[in-house]
Amino acid sequence: MRPAEQFGAAAWNLPRQLNALDSLMWRCEADPRLRSPLIGLFLLDRIPEWDRLLAGHDWATRMIPRLRERPVTPPLFPGSPVWTADPEFDLSHHVHRLRLPEPAGRRELLDLAETMAAAPFDPNRPLWESVLVEGLCWEGTSYAAAWILRFHHSMGDGQAAVTWLTTLLSRQREPRSDKPQPPPPPQSAQPSMLSVLPALLGADVGAAGLTRLAEEALRAMTRPRDAAMELTRILLTVADMAPRSVGPQSPLLSGRGTTRRLDMTSVPVDGLRATASAARTSVNDVFVSAMLGGVRRYHELYGAIPETLSMAMPLNIRGTRPITGNRFGGLRVAGPLAEKDPLIRLAGVHRLLAQAQAAFDPTGLDLVTNLLNRMPTPVVLEVARRIGLSFDLQLSQIAVFDRGFYLSGAAIEDFWCFGPVPGCAATAIMISRRAGASLAVTVDAAAVDDLSAFMHCVEESLMELR
């Protein structure tokens, strides 16, 4: 049972200021190459009742008021955006329905998701969008509709998203009459500088807080040399602590652009579990090893296989913090790409990830993100680009619910989660359940110019380790 205080009326008291990692993600929205949308794609067994779907979304925004909020950046605090209620919140701006030209199947649905992945978020509105898609003609299976949910990564990480979904989706097809009914969050006027000061300086701003703010601003204006020296010191600190490449970049995957391509497949999760058990490793180790095997096969098509591939994976460090925002570290390793034997490669991956996890220090991450947020946005974007270029592949595994869930009377038959590629060549997210698993892949089209071949190579590698 999750703490009830994280939802409903008490959730209005969640932290107002974006944490350092959330702030960086939001500031990077200024560069199309660094944008961080998360896209959930759900296949449904029937078309949900539209009025019920709208009512369900309204209820969701009352259970999780953050869905009615947007980040506001005060002029004097570019690195300190604050969650503020949208004074003109309108559900019709966020919930849509459309019908694809028939016959529309898997590829047409992915094309729509790609368009949504490339679109910037409107900074004047809450950072999410929900689309009901009708008119599907799925290959081999009859799915009546699909649901695409897009939200900005600054709102929450995978754990937050799973918690929200399992709270908001129904466990029965029929409408429930016993749901809690919190009132809407109170609407506020357009935010002013004074209205966001409490979130920036703490609850008890008082005269001392305002005086400190004024003194810092005056010092920057009257002693520009000292301010410049302080800025230089911070820049050098960030540059010294920012992650460096853990290995050479793959020449085959070196291109970077703004076009995103999406694809997905099912995963033989029972076979992966059997392999993990036999090898005394984890399913995550097998997943990572299989992705390396797929990338290796893709390189084989072009005749050159690097010894290693630079990879990054999130590490959950949330602990007991509220289920909102992002709280994860990054493990970065040079995966054994040249190793052809899948079991030897799996053993190597197991050792690498264990060593990286043991050496991870969250205090270093907090220091870097806080220092970086004190930088002007052009500096933030440049550092973020360099960090993204320091690895080619980003991987994540998310364990989710196994019980049946419904969206306004429609059963969710299968689903995928597509992640961003903020400077890297490709991102793969495996959603694992007791009964099955799904793999969603997002690539930078300038780095992976043949997504079909790439997916075929990944699927062959997954079958090799099942």
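Tell me the label-point distance for the pair Asn316, Asp111, using the 7 Å Cα-to-Cβ offset, in nm and rounded to one decimal.
Once both label points are built, they end up 3.8 nm from each other.
Just how many % of Cα pairs in region 4-176 lie over 22 Å apart, if you round to the nearest whole percent?
Details: 7173 of 14878 pairs.
More than 22 Å apart: 48 percent of the Cα pairs in region 4-176.
Out of residues 5 or more away from Gly325 or on other chains, whose amide H comes under 5 Å of its own, with H placed 1.01 Å from N in the peptide plane?
Gly156, Asp157
In nm, to one decimal, how far is the modelled label at Glu174 from the one at Arg99, with both set 7 Å along Cα→Cβ?
3.1 nm
Over all Cα pairs of region 73-137, how is the pair count split among 5 Å bins, expressed in % and running from 0 up to the last occupied bin?
The percentages, shortest bin first, are 4, 13, 19, 18, 15, 11, 8, 6, 4, 2, 0.
Can you list the HN-Hα couplings for region 53-64, worked out from phi with the Karplus curve (6.51, -1.76, 1.60; θ = phi - 60°), rounded to whole Hz and with x for Gly and Pro?
5, 4, 5, x, 5, 4, 4, 4, 6, 8, 6, 10
Assign unit charges at the C-beta atoms only (+1 for Lys and Arg, -1 for Asp and Glu), then state the dipole size of region 4-176 relative to its Cα centre in Debye, rounded to the nearest 20. Mind dumping the intermediate values first?
Working: 19 positive and 22 negative charges, 58 e Å.
Here the size comes out at about 280 debye.
Tell me which residues come under 5 Å, amide H to amide H, from Leu407 once H is placed; ignore anything under 5 positions away on its chain.
Residues meeting the amide H criterion: Ile412.
Suppose each label sits 7 Å from its Cα in the direction of the beta carbon; what would the Leu343-Ala435 distance come out to in nanometres?
In this crude spin-label approximation the distance works out to 3.3 nm.
Bear in mind that the values in this text are calculations on the coordinates, not laboratory data. This one's a predicted model, so the numbers in the text were calculated from it and none came from an experiment. Note: ideal-geometry Cβ built from the backbone for every residue, glycine included; neighbour counts use all protein chains shown.
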